[in-house]
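Q: Have a look at the structure that comes next, please.
We did not get these values from a lab; they are worked out from the coordinates using the rules stated. All of these numbers come straight from a predicted model, not from anything done at the bench. Methodologically, a virtual Cβ is constructed for each residue, glycine included, from the backbone with ideal geometry; neighbour enumeration extends over all protein chains shown.
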Amino acid sequence: MKQDYAAMQDKLTQVLGLKFPPVAVSLIRRASDIPQGVMELDKPMFYCAMVKHAMLGNVFFARDCAHACRRGAAALGLAKIPDDERTGEFYTNKSSFGSMRAATRTVTRSPQLEAGSIYATLMSPLEKAPIDPDVVLIEALPRRALELVHASVFESGGWIESMVSAPRQVCAALTVRPYLGDLNVSFACESARMAAKPVGLEYSDEGVLVGVPGDQIGEVVNNIDKIGYVKQRVAKK
């Protein structure tokens, strides 16, 4: 049964003081799985820019042809990895890494779905999610991001291990890794920050990003205001 995502968004926004709505991401495997009435993105865009496009209130799906960043498309399972990324040449040419060995080591260890396994990405503000999302992306101040992490382990305990590198952060670290089951905290990479500018909503210099597995978001929202120091802070408002 589809959950009350509007109530979840409202609670997260109020408790965490979010400037932008959480983004619901579904990785669609078949064309027939796209809900009726959802519009296709009408212009090519980097996936990391699509996240900001969704924060502005848009609901859309994007096939491989609309993913302008081929590295993001490869990470998300929409396409094959480009040859210049596989060899590391893409990153050494732009001085992102000091050697092809360092670049290929980074790409090889990056979370990545099988090429061609995903038909499209479907994105929206959480409150408008037309289907249960696979991942929920949240941009928050670091202190509030910690509260999300705390909420995720409130019942189970334990530790969260996050993957962070220089490239492939919004696509691989913050979407694919949570899709595979692990909450991840990271940052918008430099390419993401540049790609978001034409959308009209840039990534915050003060913020971090949290990728929450879709099947865990209900538990996180339910627990967030059970935490003692969060409860005290909210009560003072």
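Q: Can you give the local net charge around ASP134? Use residues other than it whose beta-carbon is closer than 11 angstrom to its beta-carbon, Lys and Arg +1, Asp and Glu -1.
A: -1
Q: Obtain the radius of gyration and the Kirkwood radius of segment 177-229 from its C-alpha atoms and give Rg over Rh.
A: 1.08
Q: With each pseudo-label sitting 7 Å past Cα toward Cβ, what's the ALA68-SER156 distance in nm, one decimal?
A: Roughly 3.7 nm, to one decimal.
Q: Classify segment 59-136 from the C-alpha gyration tensor, please: rounded if a/c falls under 1.5, else prolate or oblate depending on whether a/b exceeds b/c.
A: Numbers: a/c = 2.58, a/b = 2.36, b/c = 1.09.
Prolate, since a/c reaches 1.5 and a/b exceeds b/c.
Q: Taking Rg and Dmax of the Cα atoms in Å straight from the coordinates, which label in [x] 17.4, 55; [y] 21.9, 98; [z] 18.8, 62 is the correct one?
A: Working out Rg and Dmax of the Cα atoms in Å from the coordinates points to [x].
Q: Next question. What does the extension gain come out to for VAL164 and ARG30, with contour length at 0.36 nm per residue minus their alpha carbon separation? Spell out each step's value before the answer.
A: On the way: separation 134, 0.36 × 134 = 48.24 nm, distance 3.02 nm.
Contour length minus Cα-Cα distance gives 45.2 nm.
Q: Which residue, chosen from ASN58, MET8, ALA235, occupies the Cα position most advanced towards the positive end of the dipole of segment 5-236, where the dipole is computed from +1 (Lys, Arg) and -1 (Asp, Glu) charges on Cβ about the Cα centre?
A: Most positive-ward Cα: ALA235.
Q: Quick check: Cα centre of segment 1-35 to Cα centre of segment 133-173, how many Å?
A: Measuring centre to centre over Cα atoms gives 16 Å.
Q: Rounded, prolate or oblate: which fits segment 126-237, taking a ≥ b ≥ c as square roots of the Cα gyration tensor eigenvalues, rounded meaning a/c under 1.5, else prolate when a/b beats b/c?
A: Prolate, because a/c is 1.5 or more and a/b exceeds b/c.
Q: Then there's this: Output ³J(HN,Hα) for segment 66-74: one whole-Hz value per residue in order, computed from phi by the Karplus curve 6.51 cos²θ - 1.76 cosθ + 1.60 with θ = phi - 60°, and x for Gly and Pro.
A: 8, 8, 5, 8, 6, 5, x, 4, 5
Q: Around ALA79, with a cut-off of 15 angstrom between Cβ atoms, what is the net charge of the other residues, counting Lys and Arg +1 and Asp and Glu -1?
A: Details: positive: ARG29, ARG63, ARG70, ARG71, LYS80, ARG86, ARG168; negative: ASP64, ASP83, ASP84, GLU85, GLU114.
Once positives and negatives cancel, what remains is +2.
Q: Cut-off is 10 Å between beta-carbons; in what order do SER110, SER162 appear when sorted fewest neighbours first?
A: The fewest-first ordering by Cβ neighbours comes to SER162, SER110.
Q: How large is ³J(HN,Hα) for each residue in segment 220-237, as worked out from phi by the Karplus curve 6.51 cos²θ - 1.76 cosθ + 1.60 (θ = phi - 60°), to whole Hz, x for Gly and Pro?
A: Calculated HN-Hα couplings, in order: 4, 5, 5, 8, 4, 9, 8, 5, x, 6, 6, 4, 5, 5, 5, 5, 7, 5 Hz.
Q: Ok, one more. Contact order normalised by length for the chain, with contacts defined as Cα pairs under 8 Å and 6 or more residues apart; what percent is it?
A: With pairs under 8 Å counted, the relative contact order is 26 percent.
Q: Please give the net charge around ASP225, taking every other residue with its beta carbon less than 9 angstrom from that of ASP225, where Lys and Arg add +1 and Asp and Glu add -1.
A: On the way: positive: LYS11, LYS226, LYS231; negative: none.
Neighbourhood net charge equals +3.
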